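What follows is a set of notes on a single structure, which appears directly below.
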Amino acid sequence: MTEKVHTLVIGGGQAGIATSAHLQKQGLPHLVVERARIAERWRTERWDSLVANGPAWHDRFPEATFDDIDPEAFPTKDRVARYFEDFARDRALPLQTGVNVTRLERHGEGFRATTSQGDIQAQNVVVATGPFQRPLIPTAVTDPTITQLHSTAYRNPAALPEGAVLVVGAGSSGAQIAEELARAGRKVFLSLGPHDRPPRRYRGKDFVWWLGKLGKWDMKAPTPGTEHITIAVSGAYGGHTMDFRRLAALGITLLGRAGDYRDGQLHFAPDLQTNIENGDRNYLSVLDEADAYAKANALDLPEEPEARRLLPLPPCVTDPILSLDLGREGITSIVWATGFKLDFSWIDLDIFREDGRPRHTDGITEIPGLYFIGLPWLSCRGSAFIWGAWKDAERLAARIAAQGLV
């Protein structure tokens, strides 16, 4: 049997739930479908000890707090999943779980979604499947004796075979996993590329507060050439600035970007010191802008000169390793914290660029009635965050309401 709805929202994570809440406010009939459970990626595609990278006062919808957590604390992954589940239940959002959409196509003036539970016809469709779709592993290491897994499959140090671990990736996931492994007593190698590393806190305020005051969350597009630069930040262990010098002091061997694998040797680009120093520049520039803002607005915030003191560059940076014999170093596991590729292969519509990203303006596509939400830089820098999805959903729901019911 074919089900008919006014607006179909595909995805039951933060973006889909935010969209549903605003469609409900607009009085628009709609249905949200989710392939598994609400916020499934938070539940089963993250490591055990993961916490949110922003404090509880920030990483949430404006209409619901984490009422059992200190506002400055960092919710666990399970608490975040429960937050979305509670939000959807308390508002009686029309959400069906266990519904996998396998195809989306045009049907008359609207759309038809083929799902595991039958077809759904809709006047409008909001694609809210998020950016974490297909795990990306850029280098083929062909040694069958080495356990390899993407960060989505990593759970904890005890789940890996005994031996040294190579973590590839300088973003929040790679840096946090490498630190967890080092604290567990593992010998760890960390391969990192270009990255930003903002201060966790500065002058008594979290970096998310500073990014808001400095207008950085509302930036409309990344600076040219920085689209793929990752951000290293952590809420783990109470939250701290992710400083790769400090990780080296913990015993982690830092490496440049991972390259080719040949004859048991993994090769690395000679860019490690450049990447570290560029990350330092980003860090110090945030401090400079924060100081200037505090002065211009006469903010009574304590000065923090010690935040500018950097540890010396470790020997693994000044004399970098350019090739690594994995067997000789006792490496038995590789964790690829190398991000994701978008996968919209199930959408049978001419709406995608060569890189697989949808053509849109702030989530509105050239196909009437088709929208995207929850993607990085959808309308601004904050779009992929919980509160950013809320703002984008409010705008898109108003747009859908303006089209009227047919």
- Item | Extension gain (nm, one decimal) between Leu405 and Arg134, 0.36 nm per residue minus Cα-Cα | 94.0 nm
- Task: Within region 306-406, report the trypsin sites (Lys or Arg not before Pro) that DSSP leaves as loop and that have at most 11 other Cβ atoms within 10 Å.
- Result: Arg309, Arg328, Arg353
- Message: Please compute the modelled spin-label separation between Thr2 and Asp271, points set 7 Å along Cα→Cβ, answer in nm with one decimal.
- Response: 5.0 nm
- Query: Full extension from Ala64 to Lys205: what is 0.36 nm times the residue separation minus their Cα-Cα distance, to one decimal in nm?
  - Reply: 48.6 nm
- Which aspartates and glutamates have a Cα less than 14 Å from the Cα of Lys4, not counting those fewer than 8 places away in the same chain? Glu109, Asp119
- Task: Could you list the GluC sites (Glu not before Pro) in region 282-311 that lie in coil according to DSSP, counting only those with at most 13 other Cβ atoms within 10 Å of their Cβ?
- Result: Glu303
- Message: I need the calculated FRET efficiency for the pair Asn297 and Thr142, taking r as the beta carbon distance and R₀ as 60 Å, to the nearest 0.05.
- Response: 0.60
- Shape call, region 336-388: gyration tensor on alpha carbons, a/c limit 1.5: oblate
- Solvent-accessible area, 1.4 Å probe, carbon plus sulfur percent, for region 128-287: 53 percent
- Message: Taking the Cα centroid of region 92-122 and of region 345-406, what is the distance between the two, rounded to the nearest whole Å?
- Response: 17 Å
- Here, Asn156 and Asp355, labelled 7 Å along Cα→Cβ, have an inter-label distance in nm of 3.8 nm
- Which entry in (i) 25, 62, 13, 0; (ii) 25, 54, 21, 0; (iii) 29, 59, 11, 0 is this structure's computed P(r) over Cα pairs in 20 Å bins from 0, in percent? (ii)
- Query: Given the Cα-Cα distance of Lys220 and Asp325 and 0.36 nm per residue of separation, how much length would full extension add, in nm?
  - Reply: 33.4 nm
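The values are calculated or read from the model by the stated rules, or taken from the named source; none is laboratory data. As the structure is a computational prediction, the values presented were derived from the model and not from experiment. Positions of Cβ are generated from backbone atoms using ideal geometry, with glycine treated the same way; all protein chains shown enter the neighbour counts. Please note that ligands, DNA and RNA were not included when accessible areas were found on the heavy atoms of the full protein model with its side chains. Shrake-Rupley method; radii C 1.70, N 1.55, O 1.52, S 1.80 Å.
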